[in-house]
Amino acid sequence: MSESTVATFNAGASMLGYLYQVRVALLWAVRQSRIGDFSVSVETLGDVSFEASGDPIAVLQTKHSVHSTSGLSDLSPDLWKTLRIWMVGRFSGEVPITTAKFLISTSVTSAGTACSALVPESESRDVEAASSRLKQAAATSTNADLKDAFTAFLALDETERRQLLGSIYVVAGQPDADAIHSHLQAELYHVALHHQALSVQMIEGWWFKRVIHELVYGGAGIPRSEIDAQISEVQESLKRDALPIDDEIDALMVALEQMPEFASRPLYRQVEIVGAGPRRIRNAITSYLQAFRQCSAWMRDDLLFDADLRQYDQRLLVEWA
């Protein structure tokens, strides 16, 4: 057995890639919502796919690199593995030739490469040049790992290659998994002008849970209407006369076996004095803990201040007097 270290099995780069994929899906969904109706899926026809009326309108392959200086050359594995996926989708009929295909990468392109000729900007775009460079790369490379992709590409005739590449757009030099958060804030700035970071945090929290649910239980994708509704809900909850309720705090419940820990608390004794049973006492303690933790969260997020609490306490005293 060869010597190695635990670091050999580190999956940090893969984890970042998956987190990046989910964040890109949200960012592009927010942008797409300004254009038209859709449903978005993760890990179906691609890393991210958009459908409208049951037809795929765009598929995204996301490539995240921890080395920002790495580039997309004509023999880049990221490029050829992506091309193979799209060629398989074309032949199976799952990804029509008319579907827009985006390679989203944190790596950069260099002038004179196929990827630089497939950028979305029309003045720099040259499908013929990209086809020629990729054909040459596939015919001369000895990379065995990419042999299947090379073979499939060379098997296309000139018209098929132009059609395929004509639907492909390379979006390179994109922000990494951490930096993309600032782009989300820019796209969602209108949700809460005075609490932008918190609003993005709340929307992202919902989004990650929603994607996990979709992956575990399947479905027809996450519709634009659901995304818009969630953004509107967060927007409403962060208005001056409203406070957002944390789902985890709202779901908090004290277990019966934890009751002895609270036996010396005044609240426990007060509810006990009026003849309440163990379950009623538990419910009172649960409500107290929910209120305390929620108030603490609001104060950490600068949504509630000491003066607000004092004013509320005074109103309670007046109402109960």
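Once the convex hull of the C-alpha atoms of the chain is built, how many Å³ does it hold per residue, rounded to a whole number?
224
Rounded to whole Å, give me the distance from the Cα center of segment 268-312 to that of segment 216-239.
30
Can you tell me how much longer the chain between Ser296 and Phe9 gets when fully stretched, taken as 0.36 nm per residue apart minus their C-alpha distance, in nm with one decimal? Walk me through the numbers on the way to the answer.
Values: separation 287, 0.36 × 287 = 103.32 nm, distance 3.95 nm.
That works out to 99.4 nm of additional length.
Share of antiparallel DSSP beta bridges in the chain, in percent to the nearest 5?
Bridges in the chain are about 50 percent antiparallel.
Points 7 angstrom from Cα along the Cβ direction at Leu317 and Ser141: gap in nanometres?
7.5
Just rank Leu238, Leu103, fewest to most, by other beta-carbon atoms within 10 angstrom.
On the way: Leu238 21, Leu103 24.
Fewest-to-most Cβ neighbours within 10 Å comes out as Leu238, Leu103.
How long are the three semi-axes of the equivalent ellipsoid of segment 10-180, in whole Å, if each is the root of 5 times an eigenvalue of the C-alpha gyration tensor, listed from largest down?
Calculated on Cα positions only, the semi-axes equal 24, 20, 15 Å.
Out of the DSSP beta bridges found with both residues in segment 1-125, what percent are antiparallel (nearest 5)?
55
Using only Cα atoms and rounding to the nearest 10 degrees, what angle (0 to 90) does helix 12-32 make with the longest principal axis of the chain?
That helix lies at roughly 90 degrees to the long axis.
Using a Cα distance threshold of under 21 Å, what count of lysine pairs results for the chain when pairs must be 8 or more residues apart or interchain?
Values: Lys63/Lys81; Lys63/Lys101; Lys63/Lys147; Lys81/Lys101; Lys81/Lys135; Lys81/Lys147; Lys101/Lys135; Lys135/Lys147.
Lysine pairs, 8 or more places apart or on different chains, close enough: 8.
Going by how many other Cβ atoms sit within 10 Å of their own, how do Cys115, Cys295 line up, fewest first? Don't jump to the answer; show the numbers that get you there.
Values: Cys115 26, Cys295 17.
With the sparsest Cβ surroundings first, the list reads Cys295, Cys115.
Name the residues of segment 146-184 whose amide N is less than 20 Å from a point 7 angstrom out from the Cα of Ala197 along the C-beta direction?
Under 20 Å, as judged by backbone N against the label point of Ala197, lie 176-184 of segment 146-184.
Taking 25 Å as R0, compute the FRET efficiency from the Cβ-Cβ separation of Ser182 and Phe208 and round it to 0.05.
So, using R0 = 25 Å, E works out to roughly 0.90.
Readers should treat all values here as calculations from the given coordinates under stated rules, not as data from a laboratory. The shown structure was predicted, so the numbers you read here are calculated from the model rather than taken from an experiment. With ideal geometry, Cβ positions are generated from the backbone for all residues, glycine too; neighbour counts draw on all protein chains shown.
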